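Taking it in order: structure first as structure tokens, then the write-up.
Bear in mind that the values in this text are calculations on the coordinates, not laboratory data. Worth saying up front: this structure is predicted, and the values here are computed from it rather than measured. We place every Cβ from the backbone using ideal geometry, glycine too, and count neighbours over all the protein chains shown.
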Amino acid sequence: MRFRIPAIAPSEITPSETYFGRRAFLAGALAAAGTALGRAGAAVLPPRAGLPLAYSQDAADSVDALVHAPNQNETPNTWDQITHYNNYYEFGTGKTDPAAYAGQLQVRPWNIAVAGEAEVTGHFALEDFVKPYALEERIYRFRCVEAWSMVIPWVGFPLARLLQQFKPTSRAKYVAFDTLYRPGQMPGQRVPVLKWPYAEGLRIDEAMHPLAFMVVGLYGRVLPNQNGAPLRLIVPWKYGFKSIKAIVRIVFTEQQPPTTWSEAAPDEYGFYANVNPSVPHPRWSQATERRIGNPFFHERQDTLPFNGYANEVAGLYAGMNLRRYF
Ligand SMILES: Nc1nc2c(c(=O)[nH]1)N[C@H]1C(S)=C(S)[C@@H](COP(=O)(O)O)O[C@H]1N2
Ligand SMILES: [Mo]
């Protein structure tokens with residue numbers, strides 16, 4: 001077993017009830033979620049957030065050797081915490097706005113454009129992306145730049161497996177991602193709090209790292225809209241803002257792409273955004289964090305370099321000045 005998963009008290013039972021006991025493999029897991037597999041533009045049934053997804057324990061086991069599981073003894077946050085304390089400015093800047101308003105977003109059909117320095121480019125249906133992969137579970141720490149954290153059992157597949165499909169050329173030094181721009185269903189986009197669409201990016205070696213993960217589910221269930229359905233990125237060693245939601249565009253680039261938060265406030269948010277307790281944000285320390293769900297008197301916990309994934313990822317930044325490239 002990769003992670004020691006604590007027993008959940010019946011009182012805490014949420015959609016997670018069957019989850020911890022169920023380790024079944026199901027190819028084409030989205031079918032189980034009520035998704036008719038179809039090409040771009042074809043009529044597809046929307047999957048309902050919270051319906052069961054299945055994932056591959058075989059694939060999850062293959063990660064055992066890779067991740068030394070810094071969260072081994074940490075209790076995953078509950079479904080309710082993970083789905084009701086969100087950052088998703090397309091639906092408002094309040095932590096409960098996404099849960100309140102993201103339900104109106106239509107996540108099917110969902111098409112994704114792939115462009116730039118790759119042999120295979122064009123428009124693809126979400127199902128074209130997800131179908132070939134066995135989904136797996138990753139219980140990752142998640143650290144927001146605002147100094148709170150959670151432990152979250154995501155379901156998805158390695159980003160590298162997706163990107164390799166497009167055969168990036170040797171000029172592909174970075175990969176950029178855009179969120180959907182649809183102000184009719186994303187009320188926050190009618191307000192210029194950020195430059196829309198939300199954009200993020202990774203250096204190509206970061207993107208190809210086995211810990212970089214594309215997420216379609218949570219707690220073995222279809223990903224709720226407020227957490228970035230139908231497809232969002234999770235980069236567990238970086239601050240949460242790198243983990244872009246509702247992705248509709250992927251571009252391989254030679255130059256470092258502009259990213260939303262680093263453009264909005266370049267002194268506060270860098271392109272790299274690796275979790276680093278020794279580099280404070282200009283307005284607050286990053287040395288400690290508050291685990292969502294802990295009682296108010298609970299002491300804050302130390303933030304770990306690279307969010308606890310240093311053994312796995314520090315090598316990506318060998319020789320780099322991490323104060324300069326924050
Ligand atoms: N498109 C988009 N992606 C986004 C954000 C956003 O506002 N818009 N917020 C980011 C931030 S700051 C955080 S902390 C995480 C929150 O993810 P969660 O709500 O699933 O915990 O999403 C990130 N991805
Ligand atoms: Mo964040």
- Scan the stretch 158-171 residue by residue and report those that are crowded, with 20+ Cβ neighbours inside 10 Å and either of a type in the set (Asp, Glu) or farther than 15 Å from His209 by Cβ (or both). Phe166
- Item | Any pair with Cβ under 7 angstrom, 6 or more apart, that starts in the stretch 107-120 at a residue that is in contact (Cβ under 8 Å) with a residue 24 or more places away in the chain and ends at one that is hydroxyl-bearing (Ser, Thr, Tyr) | Val114/Thr121; Ala115/Thr121; Gly116/Thr253; Glu117/Thr169; Glu117/Thr253; Ala118/Thr169; Glu119/Thr169
- Query: Residue check: is Pro153 away from ligand 2 (no atom under 16 Å from the Cβ) and either among the small types (Gly, Ala, Ser) or buried (at least 21 other Cβ atoms within 10 Å of the Cβ) (or both)?
  - Reply: yes
- Message: Every residue in the stretch 175-186 that is touching a residue at least 12 places away in the same chain (Cβ under 8 Å), farther than 13 Å from Ser243 by Cβ and either of a type in the set (Gly, Ala, Ser) or out of contact with any helix residue (DSSP H, G or I) (no Cβ under 6 Å at 6 or more places or on another chain) (or both), please.
- Response: Ala176, Asp178, Leu180, Tyr181, Arg182
- Note on the structure: Counting only residues that are within 16 Å of ligand 2 (Cβ to nearest atom) and not in a loop (DSSP other than H, G, I, E, B), the stretch 226-259 contains a total of 9
- Note on the structure: When every residue in the stretch 176-201 that is of a type in the set (D, E, K, R) and not in a loop (DSSP other than H, G, I, E, B) is compared, the one farthest from Ala265 (Cα to Cα) is Arg190
- Flagged pairs (Cβ under 9 angstrom, 6 or more apart or on separate chains; first in the stretch 125-144, free of Cβ contacts under 8 Å to residues at least 40 places away in the same chain and away from ligand 1 (no atom under 16 Å from the Cβ); second basic (Lys, Arg) and not in a loop (DSSP other than H, G, I, E, B)) are Pro132/Arg161; Tyr133/Arg161
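Conditions tested, residue by residue: (1) more than 18 Å from Cys144 (Cβ to Cβ); (2) part of a helix (DSSP H, G or I).
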{"site": "Pro277", "(1), (2)": "no, no"}
{"site": "Arg290", "(1), (2)": "no, no"}
{"site": "Glu299", "(1), (2)": "yes, no"}
{"site": "Val313", "(1), (2)": "yes, yes"}
- Query: Yes or no: Ala113 surrounded by fewer than 19 Cβ atoms within 10 Å (Cβ to Cβ), over 26 Å from Gln255 (Cα atoms) and among the aliphatic types (A, V, I, L, M)?
  - Reply: no
